[in-house]
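Structure, as structure tokens:
The values are calculated or read from the model by the stated rules, or taken from the named source; none is laboratory data. Owing to the predicted nature of the structure, the values given are computational and were not obtained by experimental measurement. Here the Cβ positions follow ideal geometry from the backbone for every residue, glycine too, while neighbour counts run over all protein chains shown. To get the accessible areas, we keep the full protein, side chains included, count just its heavy atoms, and leave off ligands, DNA and RNA. Shrake-Rupley method; radii C 1.70, N 1.55, O 1.52, S 1.80 Å.
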Amino acid sequence: MPDALDATPYDALLLLSFGGPEGPDDVVPFLENVTRGRGIPKERLKEVGQHYFLFGGVSPINDQNRALLDALRKDFAEHGLDLPVYWGNRNWAPYLTDTLREMAADGRRRVLVLTTSAYASYSGCRQYRENLADALAALQAEGVEPPRIDKLRHYFNHPGFVDPMIDGVLRSLADLPEDVRAGAHIAFTTHSVPTSAADTSGPVEAHGEGGAYVEQHLDVAQLIADAVRERTGVAHPWRLVYQSRSGAPHIPWLEPDICDHLEELHGAGAPAVVMAPIGFVSDHMEVLYDLDTEATAKAEELGLPVRRSATVGADPRFAAAIRELITERAAVERGQEVTPCALGALGASHDLCPVGCCPARAPRPAAAGADSPYA
């Protein structure tokens, strides 16, 4: 048996994700949850939902989360980490509030949260914290004493997240025809966000053009590009590009879009492209549609050889990274000296989101941060 690892003072891990429909009848209600408060007509939601209907109305994200849960539980058992793992979503079953209610009924008092978003941003961090605050408030209104919640730090530059993506890019390069492989460009992709949200991402001192959101992605892209050069002897040209824009046309969002970038590369004579979705934890709908369907169709139209590298998903190295982040944070809470594990130029992210980090347009309570109303 492995030596037991100490997660004290924590008694549970919560995997917190976005959620997705599991059948055609779920698509519009799911999108109503995602867009709640925006007054978007049902007919418009049906149009937006066509991406899901192309795949039978099923988002892959839920099965991918189930695979990650299995990988985490397997890794914890193999390494002697006695920590139960729960799962809750923001926008579909299992809903976050229901899961927290279950955890409270099970007697869980100190909970660590793992979100399926690796980088600093409003939508990738603070909005999850706001949802946690809403769920905790709902439990209090029911007379249920909620558990204390802490959130694991951003893991964008942990080797357990970066190394699987390096291997994915290497596999995609090797899959290209040999005559175009050496000259292939790498398009590192992530979710586009409004430039105003990017500029205010991360702690206040990081605010500026692109904020921590862009800075962190550029750091990861450089790590992967450097590793590919070291292993192949080829310095492939690369750029950080964006996908999955969903906002009004008059609002500036991060650019260039991946399809526009493919056209630009084709016009410049690039022989091939590897699309590397470094901004996503798993191959969910935005990867399957925006890259595997839309961007791949654009590349075929251009006659440009293209490959898409894998996301991290349930890679055992990622599960091991989460275990290491848990024991690291637990040691910090116990007052022990810790050397956090991080690659690249930026170092380890903060454990506690500071005041002013990734602010919302309209202030709302957010749990698991320095400004949390839930100590």
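Based on alpha carbons, the Rg and Dmax found for the range 62-211 are 19.3, 67 Å. Note on surface exposure: H266, H284 rank H266, H284 by accessible area, highest first, 1.4 Å probe. Amide H contacts under 5 Å for A184: none, restricted to partners 5 or more places along the chain or on a different chain, H placed in the peptide plane at 1.01 Å from N.
Averaged over its residues, the range 57-181 has an accessible area of 35 Å² per residue, based on protein heavy atoms and a 1.4 Å probe. Angle of helix 159-175 to the longest C-alpha principal axis of the chain, folded into 0 to 90 degrees and rounded to 10: 20°. When the trypsin sites (Lys or Arg not before Pro) in the range 296-334 are filtered for DSSP coil states and for at most 10 other beta-carbon atoms within 10 Å of their beta-carbon, no site remains. Counting only alpha carbon atoms, the long axis of helix 316-333 and the longest principal axis of the chain meet at about 40°. Across q = 0.19, 0.21 Å⁻¹, the range 1-131 modelled as identical point scatterers on its alpha-carbon atoms has Debye log10 I(q)/I(0) values of -1.14, -1.28, in the order of the q list.
Every Cα-Cα pair in the chain was counted, and those over 33 Å apart are 30% of them.
Here the Karplus curve 6.51 cos²θ - 1.76 cosθ + 1.60, taken at θ = phi - 60°, turns the phi angles of the range 189-199 into couplings of 10, 8, 5, 5, 9, x, 4, 5, 6, 5, 5 Hz, with x standing for Gly and Pro.
To the nearest 10, the accessible area of S196 is 80 Å² with a 1.4 Å probe. Over the range 140-191, with a single point scatterer placed on each C-alpha, what log10 of the ratio I(q)/I(0) does the Debye formula yield at q = 0.17, 0.19 1/Å? The Debye formula, applied to the Cα set alone, gives -0.72, -0.81.
Which of the trypsin sites (Lys or Arg not before Pro) found in the range 37-104 are loop residues per DSSP with 16 or fewer other Cβ atoms within 10 Å of their Cβ? Hits after loop and neighbour filter: R38.
Summary of the geometry: the range 360-375 and the range 165-212, compared by the centres of their Cα atoms, lie 29 Å apart.
Show that you can apply the helix-only estimate: for the chain, add -39,500 (n - 2.57) for every DSSP H stretch of four or more residues, divide by all residues, and state [θ] at 222 nm to the nearest 500. Let's see the in-between values first.
Working: 13 runs with 145 residues, N = 375.
After summing the helix terms and dividing by residue count, I get -12000 deg cm²/dmol.
Straight Cα distances below 29 angstrom link K298 to the lysines K46, with same-chain residues fewer than 8 positions distant left out. So what does log10 I(q)/I(0) come out to for the range 44-90 at q = 0.18, 0.21, 0.26, 0.32 Å⁻¹, using the Debye formula with one equal point on every Cα and no solvent? Debye intensities relative to I(0), on a log10 scale: -0.66, -0.76, -0.94, -1.09. Label separation (A297 vs I251): 2.5 nm, computed from points 7 Å beyond Cα along the C-beta direction.
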